[in-house]
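Remarks on the structure that follows.
Here, each number is a calculation from the coordinates, and none is a lab measurement. Just so it is clear, the model here is predicted, and its values are computed rather than measured. Cβ: placed from backbone, ideal geometry, glycine included. Neighbour counts: every protein chain shown.
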Amino acid sequence: MDEFNIKFAGLKNGKHEFDFAITNKFFEDIDYSEIRDGNVAVKMEMDKGETMLVLQFDITGGIETTCDRCAVGFTYPIHTEQKLIIKLGNEAVEESDDVIVIPRTEHSISVKQFIYEFISLQLPVRKTACNDEENNDLCDKDVIGKIERENKEKKEMDPRWAALEKLVSDKK
Ligand SMILES: [Zn+2]
């Protein structure tokens, strides 16, 4: 049984509510998940119409992650509200970030990947856990030195790092 697989065809038109409690198990099931652990409550309201489903998500919780500078673990709090429109049409098309079309012959849809994306988008590109109230950097300097050396070695080995680095510096 996959609770994220919503069998909408058997539901009446109108609003339906779903609650999901997301833990490490959820992230383990996602291929290439950047997130390993967390505790997130997802409230999903589905408004079912004749030709579309309107999904509203209210997502609250904490993601276990690590400081980008010194790798210390911490919980990153998230809260987001998201909307997704699923139209029933002739063939599967992604119209935009929040509008997709699925064939009207489908009877169910899995919301798992959508929820994962909503959650993972909440994580900032650069995560630091070690600032105090005055924004002083409290990272462990020894660990940072070690990580920087390791990263340098990795970069020398792997050309993808150079491409990634360019991407990051272009964004600044
Ligand atoms: Zn740190």
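Using R0 = 30 Å, the C-beta based FRET efficiency linking ALA162 and ASP37 works out to 0.50.
Summing charges over all other residues whose Cβ lies under 15 Å from the Cβ of GLY73, with Lys and Arg as +1 and Asp and Glu as -1, gives -2. Who wins for biggest fluctuation among GLU17, GLU153, GLU34 in a Gaussian network model of the chain, springs between alpha carbons below 10 Å? Per the Cα network of the chain with a 10 Å cutoff, GLU153 tops the list. Using C-alpha pairs below 8 Å separated by at least 6 residues, the relative contact order for the chain is 18 percent. Take the Cβ atoms of THR75 and ARG104, set R0 to 30 Å, and the FRET efficiency comes out at 0.10.
Isolated cysteines in the chain, defined as those with no second cysteine Cβ under 4.7 Å, comprise CYS67. Loop-located GluC sites (Glu not before Pro) in the range 85-136 (DSSP state not H, G, I, E or B) with no more than 11 neighbouring Cβ atoms inside 10 Å: GLU91, GLU133, GLU134. Would you mind checking the range 1-21 for residues with the amide N under 17 Å from a putative spin-label position 7 Å along Cα→C-beta of ASN90? From the range 1-21, the list is empty. Computed per residue of the chain from DSSP H runs no shorter than four, each worth -39500 (n - 2.57), the mean residue ellipticity at 222 nm is -7500 deg cm²/dmol.
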